[in-house]
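The values are calculated or read from the model by the stated rules, or taken from the named source; none is laboratory data. Note that the coordinates shown come from a computational prediction; the quantities given were computed from them, not determined experimentally. Cβ placement follows ideal geometry from the backbone for every residue including glycine, while neighbour counts extend to all protein chains displayed. Heads up: the accessible areas ignore ligands, DNA and RNA and are worked out on the full protein's heavy atoms, side chains in. Shrake-Rupley method; radii C 1.70, N 1.55, O 1.52, S 1.80 Å.
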Amino acid sequence: MKRQDAAPVVAALRDYVRYLQRLGVTELPLPQSRGAVRSVAPVPAATRLQQLEESVRHCDRCRLHQGRTQVVFGTGNAEADLVFVGEAPGREEDVQGEPFVGAAGQLLTRIIEAIGLRREQVYILNVVKCRPPNNRDPRPDEVAACRPILQAQLECLRPRVICALGTFAAQTLLQTEERISRLRGRFHKLGEMHVMPTYHPAYLLRNPQDKRAVWQDMQAVRRLLEGHSANASS
Ligand code: SF4
């Protein structure tokens, strides 16, 4: 803008400032500079999880919503280093709204305590959030429909270690057809997270001879959480 073009603008601004002074205005807020970066406090994982839970409370993305009592989202410490992922809610879980209650849940609690943690220190969830009828296996389209919720949960939680309980959770997380007996016993990488597949507590109730294998897997998890290297296989 040329000097002579600016003169009327400056005069108008001067008149406006005098007008404000007559009104008693003594200060004007300065606008933020264009390049200024506003600092935004990070939203805690617990808050993000709570918002996610609220957003899926009435989910009807797959047929499982028809027979459920409620969405069984997950429970535990949102800041946990260790997350357990199971398959799907059973009858008790569907009624209580919490994963791993009942006999398998009690065994999972003992497994957690065996590595020196308490249940409330970890986070527990399932691949599929609604109970399949008659406790049948979730179908591939149901898993696919629920996968974005699982991914969003893990994105909020970002644990160091995920313990995948049983074939179904391990195959879903690792996108493989391998059997649990071949997957367990070593860590697998999932982004920055380490996944340890092991037998499902419900399977252990029927096959107690495999408790020793789970004990070994959980000792590896404990060592990793204590800072030892993982020796991940993939
Ligand atoms: S199983 Fe998952 S995708 Fe299907 S209705 Fe329940 S929350 Fe939604």
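Taking the criterion of being over 20 Å from A202 (Cα atoms) and more than 20 Å from the chain's Cα centre (by Cα), the residues of segment 63-109 that qualify are R63, L64, H65, Q66, G67, R68, T69.
Within segment 121-148, residues that are modelled with pLDDT of 95 or more have Cβ atoms under 8 Å from residues that are of a type in the set (S, T, Y) in these pairs: Y123/T75; I124/T75; L125/T75; V127/T172; R131/T69; V143/T172; R147/T172, counting only partners at least 6 apart in sequence or on another chain. The one condition from (1) open to solvent by 10 Å² or more (accessible area, probe 1.4 Å); (2) assigned to a helix (DSSP H, G or I); (3) out of contact with any Cys (no Cβ under 9 Å at 6 or more places or on another chain) that L204 does not meet is (1). No other residue among F73, F100 is of a type in the set (F, W, Y) and within 13 Å of the ligand (Cβ to nearest atom) apart from F73. Evaluation of L225 against the conditions (1) open to solvent by less than 30 Å² (accessible area, probe 1.4 Å); (2) hydrophobic (A, V, I, L, M, F, W, C); (3) touching a strand residue (DSSP E or B) at 6+ places or on another chain (Cβ under 9 Å) shows that the sole unmet condition is (1). Summed over segment 124-143, the residues that are open to solvent by 10 Å² or more (accessible area, probe 1.4 Å) and more than 9 Å from the ligand (Cβ to nearest atom) give a count of 8.
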